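**Student:** Just dropping this structure here.
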Amino acid sequence: MKRSICALFLGFLTYAGSFAFDKPFFSGYAGFQTNLQNASDSSLLNKNVTAETFFSGQLDFSGKVFLRGEFYVLSAEMTNSNILSGYEDANAYFRLEDISATLKTNSTNASHYISVFMGNYEPIGSDLFLQRQFGIEPISSAFTTSWQGIEGSSIIPSYQTGVSYVYHPQSNYALEFKGYKNSSDENSIAGGLSTNHTDGIDFAGRYAALFDRATVDLQLSVDLPLEKKDANGNDVFLLIKKIRLNGGFSLLLGNRYTTSLFLQGGYEGYVINGDSSDKEFSIKNVYAFSESRFSTSRFNMGVAVFNIPVKSAVSMTYLKNIVYENPSAESIFGANVNIYSDKLYFDSTNYTLGIHATWVMTDDDAESLLDNRSQIAEKLLHEFKLTPYTSINILGGSLSASVTLNCYDLITDFSHSISGNIGFKTSF
């Protein structure tokens, strides 16, 4: 299938190049962040230091053809190893986040978008589809922010090669239909995490709409995992033993500038045909996020509760350190209160100042507490964290920094209580 998609992609470019366009308009977005993280065995002077960067660019040919490319790089831990030498272990994780070509045509009452793509293309849970179709500002939570690229964090991480068609009438909604091959993608740097367990062929439908007091983005997909061998171990061309259903949604009730409620949910891998063991419900496949947002003239506040699978949390700025500290965990659940103001000025420079108060627990923690309930109070306190953060518009971009303090470890294990990051993003 990959060869067919590549041939289609090249044919698409040839077809697009046959038009006489004006000079293309180029725009881009890039970011770099350094992370100071706690591993399970780190100390104050021996932290895990990593760096990550992304670059995204778009060529716009008169609003008719869009060529896009984006990559993401995450370095290996830089203080305890020489990342510039040796080939036995990977010194960085490189991923092509997006390479795509989109042709836009117009009919009497609608716009039509035909795309050929490879990568993490407009995933469910990301604002990217809503922004491109409706031109809105981001609606996702600041708590789930990511430096993995313009897509941000997603409900069901995937790596796709396929085609899509979007129908956007002169109305408040858009429909998308996709067919793609979903490939496994193991990140050996981030604890060997895989964005998808099996290779398969997927067919997906998406509905997104803007209403006066609501924004909705919903996607459902049918995943047909491909087997390479039959029950006797013989090689086969195509064998499908089961069907998996995946789905997710983002819903904003209200608008981003006033008091509102933001909801996200999803489930990956609901099997409707296959072995009974495949049909077992697993919390590690459930994505649930609810955030009540309150806005005043001076500050904003968000109160969230969540359950997020580790394969989604590993890309999130404020949760990935928990993933590194708990390498065997499969899901993270907890609550977060975010209080901030983005209406602050130093002279004429705008900046944001805020703090996250977060309580988290992994599925491993929950299982251990069931076996030893006398430690419940201690464990609840142990997982309470404070994260003051700031960002400032400077040098044509945004400079941001945060420091996370584990309140319990500040008293009992100071060397393991501090982590943080600093980064810069800019558009051009």
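The values are calculated or read from the model by the stated rules, or taken from the named source; none is laboratory data. Just so you know, these numbers come straight off a predicted model, no measurement behind them. Neighbour counts are summed over all protein chains in view; Cβ atoms, including those assigned to glycine, are modelled from backbone coordinates with ideal geometry. Surface accessibility is based on the protein's heavy atoms, side chains included, excluding ligands, DNA and RNA. Shrake-Rupley method; radii C 1.70, N 1.55, O 1.52, S 1.80 Å.
Per-residue answers, yes or no, for (1) among the hydroxyl-bearing types (Ser, Thr, Tyr); (2) at pLDDT below 80; (3) not in a helix (DSSP H, G or I):
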| residue | (1), (2), (3) |
| --- | --- |
| Met301 | no, no, yes |
| Ile322 | no, no, no |
| Ser341 | yes, no, yes |
| Ile355 | no, no, yes |
| Asp365 | no, yes, no |
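The rows are residues; the columns are (1) at pLDDT 85 or above; (2) surrounded by fewer than 17 Cβ atoms within 10 Å (Cβ to Cβ); (3) outside any strand (DSSP E or B).
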site: Phe21; (1), (2), (3): no, yes, yes
site: Leu59; (1), (2), (3): yes, yes, no
site: Glu70; (1), (2), (3): yes, no, no
site: Thr79; (1), (2), (3): no, yes, yes
site: Ser85; (1), (2), (3): no, yes, yes
site: Ala90; (1), (2), (3): no, yes, yes
site: Glu97; (1), (2), (3): yes, no, no
site: Ser100; (1), (2), (3): yes, no, no
site: Thr105; (1), (2), (3): yes, yes, no
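**Student:** Here's a follow-up. Can you find, within region 377-389, the residue that is modelled with the highest pLDDT among those that are more than 24 Å from Thr34 (Cβ to Cβ) and in contact with a strand residue (DSSP E or B) (Cβ under 8 Å, 6 or more places away or on another chain)?
**Tutor:** The extreme case among them is Phe384.
**Student:** Let me ask something else about it. State all residues of region 406-424 that are more than 24 Å from the chain's Cα centre (by Cα), surrounded by fewer than 16 Cβ atoms within 10 Å (Cβ to Cβ) and not in a helix (DSSP H, G or I); if no residue qualifies, say none.
**Tutor:** Passing the criteria: only Asp413.
**Student:** Still on this model: So Ile283 ticks every box in (1) in contact with a helix residue (DSSP H, G or I) (Cβ under 9 Å, 6 or more places away or on another chain); (2) under 24 Å from Leu74 (Cβ atoms); (3) at pLDDT below 85; (4) surrounded by fewer than 18 Cβ atoms within 10 Å (Cβ to Cβ) but one. Which box is left unticked?
**Tutor:** The failed condition is (2).
**Student:** Pick from Asn372, Asn350: which is polar (S, T, N, Q), open to solvent by 30 Å² or more (accessible area, probe 1.4 Å) and at pLDDT below 80?
**Tutor:** When all the criteria are applied, what remains is Asn372.
**Student:** If you don't mind, there's one more thing I want to ask. Are there any pairs with C-beta distances below 9 angstrom linking a residue in region 122-138 that is over 14 Å from Ala174 (Cβ atoms) to a residue that is of a type in the set (Val, Ile, Thr) and in a helix (DSSP H, G or I), with the two at least 6 apart or on different chains, and if so which?
**Tutor:** Qualifying pairs under 9 Å: Gly125/Thr144.
**Student:** Can you find, within region 143-184, the residue that is nearest to His356 (Cα to Cα) among those that are small (Gly, Ala, Ser) and either assigned to a strand (DSSP E or B) or more than 18 Å from the chain's Cα centre (by Cα) (or both)?
**Tutor:** Result: Ser146.
**Student:** Those residues that are in a strand (DSSP E or B) and at pLDDT below 70, I need them from region 197-227; list them, please.
**Tutor:** Across region 197-227, there are no qualifying residues.
**Student:** Ok, one more. If Phe262 satisfies every condition in (1) open to solvent by less than 60 Å² (accessible area, probe 1.4 Å); (2) of a type in the set (Phe, Trp, Tyr); (3) in contact with a helix residue (DSSP H, G or I) (Cβ under 8 Å, 6 or more places away or on another chain) but one, which is the exception?
**Tutor:** (3)
**Student:** Would you mind telling me which numbered condition in (1) modelled with pLDDT under 85; (2) aliphatic (A, V, I, L, M); (3) assigned to a strand (DSSP E or B) Ile392 fails?
**Tutor:** (1)
**Student:** Now a separate question. State the number of residues belonging to region 125-135 that are open to solvent by 10 Å² or more (accessible area, probe 1.4 Å) and in contact with a strand residue (DSSP E or B) (Cβ under 7 Å, 6 or more places away or on another chain).
**Tutor:** 2
**Student:** List the residue pairs whose Cβ atoms are under 6 Å apart, where the first residue sits in region 212-224 and is open to solvent by 40 Å² or more (accessible area, probe 1.4 Å), the second is at pLDDT below 95 and assigned to a strand (DSSP E or B), and the two are 6 or more positions apart or on different chains.
**Tutor:** Leu220/Gly247; Val222/Phe203
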